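The block underneath contains the structure these notes are about, expressed in structure tokens.
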Amino acid sequence: MTIKEIARMGDPILRKVATPYPINKIGSFEFNQLVQDMQETLHFAQGIGLAAPQIKVSSQLVVIEIKDTSSRYGEIPAIPFSVYINPTINVINAETKGYWEGCLSVPGMMGFVERPQHIVINYLDQQANSQSLELKGFLATVFQHEFDHLQGKLYVDQLKDMQLFAFEDEYKLYHQQTE
Ligand code: ZN
């Protein structure tokens, strides 16, 4: 296992549409190594989600782990470490809600982004089984943020109001209380 360098905004790999992960490679040595590297890198960076392009692997693979369920957005369900392969999103209700988002590829910054708050995702899990998951609220935002990485998109693309784009310290000083 290796802690990988995280690609930062400006690296062209973050702007490429990632390649679907070959189903017959799920469970292979190479696959397990990639997942372990992503897990270790996610833990080291203390993030809640990481997409393969963020460690410079242009494959449609995302890992998410939420341990701390009392976030600044209130109680959210814990998600044990999970792998999401070749995911797609169906919006159930297009009504949006905004949250302040951060990204390991845009370190030190926070931005307010509005996204649909009721979605269903379809994906393959670590055993190559098809799965479907309904998500609401902040979790819907987390998954959309991560899956956007597989389409070459960053949350900064979704900012509608540049006044709500801030350094972390200034976010805490001037915006956190007003959420
Ligand atoms: Zn991100």
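Any idea which of F112, F167 is at pLDDT 95 or above and touching a Leu at 6+ places or on another chain (Cβ under 6 Å)?
F112
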Exactly one of G27, G49, G102 is within 15 Å of the ligand (Cβ to nearest atom) and open to solvent by 20 Å² or more (accessible area, probe 1.4 Å), and that one is G102
Given the conditions (1) at pLDDT 95 or above; (2) within 27 Å of E170 (Cβ to Cβ); (3) hydrophobic (A, V, I, L, M, F, W, C); (4) under 13 Å from the mean Cα position of the chain (by Cα), every one holds for I64 apart from (2)
- On the given criteria, is V83 within 16 Å of the ligand (Cβ to nearest atom) and crowded, with 16+ Cβ neighbours inside 10 Å? no
Going through region 15-41 in order, the residues found to be over 27 Å from V156 (Cα atoms) and either in contact (Cβ under 8 Å) with a residue 40 or more places away in the chain or of a type outside the set (G, A, S) (or both) are P22, I23, N24, K25, I26, G27, F29, E30, F31, N32, Q33, Q36
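Residue-by-condition table, conditions (1) hydrophobic (A, V, I, L, M, F, W, C); (2) within 17 Å of I121 (Cα to Cα):
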site: Q33; (1), (2): no, no
site: Q36; (1), (2): no, no
site: T41; (1), (2): no, no
site: A51; (1), (2): yes, yes
site: Q60; (1), (2): no, yes
site: S82; (1), (2): no, yes
In region 96-135, anything of a type in the set (D, E, K, R) and within 19 Å of Y155 (Cβ to Cβ) is listed as K97, E101, E114, R115
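Table: residues versus (1) under 27 Å from E5 (Cα atoms); (2) away from the ligand (no atom under 12 Å from the Cβ); (3) open to solvent by 40 Å² or more (accessible area, probe 1.4 Å).
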| site | (1), (2), (3) |
| --- | --- |
| P107 | yes, no, yes |
| I121 | no, yes, no |
| D125 | yes, yes, no |
| E134 | no, yes, yes |
| G137 | no, yes, no |
| E146 | yes, no, no |
| Q163 | no, yes, yes |
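The values are calculated or read from the model by the stated rules, or taken from the named source; none is laboratory data. Everything quoted here is computed from the prediction, not taken from an experiment. Positions of Cβ are backbone-derived with ideal geometry, glycine not excepted, and every protein chain shown enters the neighbour counts. To get the accessible areas, we keep the full protein, side chains included, count just its heavy atoms, and leave off ligands, DNA and RNA. Shrake-Rupley method; radii C 1.70, N 1.55, O 1.52, S 1.80 Å.
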